[in-house]
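Student: Pasting in a structure now, in structure tokens, and then I'll have a few things to ask.
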Amino acid sequence: MWIKLIYPRWPKLEGQTEFHLPPHGPVTFAAALPREIELSFVDENRSPLDCSDRPDAVALSVMLTCQVPRAKAIAAAYRRCGVPVIAGGIGVTLHAEEMAGACDAVFLGEVEGRCDQILGDLGRKELRPVYDWLREPAPIELVGTARRDILDYSLYTYRGVRMVDLVHASRGCRFDCAPCPVGYLGGRVFRPRPIEKVVAEIESIDNPRLFFVDNSLCQDRAWVEQLLTAFLPLRRSFISHPLDSDDEILDLARRAGCWYVYQAILSPSPAIRERIRRYQAHGIGVEGTVILGTDDQDEAAIYRLVDFTLELGLDMAEFNVLTPYPHTTYRRALAAEGRILHDDWEKYTGDKVVFEPKRLSRTRLQDLYYYAWEKFYGTAGRRMKMGALIRKVILREQAQGASAAGEGSTKGWTQGGSAG
Ligand code: SF4
């Protein structure tokens, strides 16, 4: 059976530096498929999509709300020709009803251990419209090494430098931040993978640069310590979401390869200033992710927040307009007050105002979004900052490679470091 796996294209954030990371959803899905399935993959963000072929089935992997309209269009094109279309991923789970109306079947929740049933139904031409495992997460032990062999890595470089590979060591999040649908998607239970499985996956990746896309590594300190300790001999450089910011964890994280974290900055608070100072004191770079347009922000507050990001000495910053994604606390609150302007999902990209702000006008918020990017990056420009960042990680890799060579091992540091 030939399944064509497609990752629909999506618009990049206006103002964001254009680069592409290898997508994680498709390779995770591919790992759950039996090996006898013939699988081809198209990331439409990197390659043109030809819908004139006739696979036995199309599988759409959808991560973002803004991919939904394109996913529906692809489904329509194949279904018109009689090719059955199945869709899954975070974006499908958040838009289950709409996607179910556009596909032969939607898959909600985690796929591990569930493929046999859906493939059997597909073979018998008895697909059910919805396979709903959202409230029954797969046993975490079943999460295997992602199938990165389906990727064409020459498509994932920035100015000739190979981009990071995405990995996850855990699922779920016990926090419940207002703009975030993760609680709905993954349940509010933190589920760490067995560390030996994470290590085996990392060892299978021919790339010294990784990005741990775990929701948060601040959920189980003892497990994080074990995980970071297990990373020490692997000699990789990695990016992650926030870590606990005490000296012990940060020192261990740095030695384990952490060189960069994404840190949400919601307000100019002393606590966040101190947290970022600690990362930096341990040699870990920081990218601030900043949401503009929350109900407590007026114009002056946004000016203060942008100034604050500049004071922090961040490596990079990413500014987003608050966006009420489905199944979030924000959306429920805004909907209750009649403040959501539309459900044009293509505009749910984080760079457009799609709701009625409380303390400033829509147009003013949109202008302040542009102001934030310009003020932060100024004449240096985003490309220069990105270039500086890449130099930083390459120098780090060279230093570690030299040190590893001194220890009689160069594993991973001379291969796959750059491509293109
Ligand atoms: S924003 Fe991060 S920490 Fe907060 S609920 Fe979402 S995944 Fe968890």
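The values are calculated or read from the model by the stated rules, or taken from the named source; none is laboratory data. Owing to the predicted nature of the structure, the values given are computational and were not obtained by experimental measurement. As a convention, Cβ positions derive from the backbone with ideal geometry for all residues, glycine included, and neighbour counts pool all protein chains shown.
Student: If you go through segment 50-64 one residue at a time, how many are part of a loop (DSSP other than H, G, I, E, B) and not polar (S, T, N, Q)?
Tutor: 9
Student: Identify all residues within segment 246-278 that are away from the ligand (no atom under 16 Å from the Cβ), within 20 Å of the chain's Cα centre (by Cα) and of a type in the set (A, V, I, L, M, F, W, C); write none if there are none.
Tutor: 258, 259
Student: Do any helices (runs of 4 or more DSSP H) entirely within segment 80-181 hold 1 or more residues that are within 16 Å of the ligand (Cβ to nearest atom) and either touching a Pro at 6+ places or on another chain (Cβ under 6 Å) or modelled with pLDDT of 95 or more (or both), and if so, which?
Tutor: Correct list: 90-94.
Student: Turning to a different aspect of this structure: Just to check your reading of the model, which residue among 377, 348 is farther than 13 Å from residue 293 by Cβ and touching a Leu at 6+ places or on another chain (Cβ under 9 Å)?
Tutor: 348
Student: For segment 182-194, give me each residue that is surrounded by fewer than 16 Cβ atoms within 10 Å (Cβ to Cβ) and more than 9 Å from the ligand (Cβ to nearest atom). Quick ask: steps written out before the conclusion?
Tutor: Quick first cut of segment 182-194, residues surrounded by fewer than 16 Cβ atoms within 10 Å (Cβ to Cβ) only: 188-189, 194.
Hits for segment 182-194 are 189, 194.
Student: Another question about this same structure. For segment 211-245, which positions are away from the ligand (no atom under 16 Å from the Cβ), assigned to a helix (DSSP H, G or I) and surrounded by 20 or more Cβ atoms within 10 Å (Cβ to Cβ)?
Tutor: Hits for segment 211-245 are 227, 228, 231.
Student: Oh, and also: Looking at residue 281, is it more than 16 Å from the ligand (Cβ to nearest atom), more than 30 Å from residue 204 (Cα to Cα) and within 21 Å of the chain's Cα centre (by Cα)? Steps first, answer last, please.
Tutor: Details: more than 16 Å from the ligand (Cβ to nearest atom): yes; more than 30 Å from residue 204 (Cα to Cα): yes; within 21 Å of the chain's Cα centre (by Cα): no.
Spelling it out, it is not the case that residue 281 is more than 16 Å from the ligand (Cβ to nearest atom), more than 30 Å from residue 204 (Cα to Cα) and within 21 Å of the chain's Cα centre (by Cα).
Student: Which pairs have Cβ atoms under 7 Å, sit 6 or more apart or on different chains, and link a residue in segment 180-206 that is touching a residue at least 60 places away in the same chain (Cβ under 8 Å) and in the same structural domain as residue 222 (by TED's automatic domain parsing) to one that is more than 9 Å from the ligand (Cβ to nearest atom) and of a type in the set (A, V, I, L, M)?
Tutor: As it stands, the answer is 181/94; 185/90, since those pairs meet every condition given.
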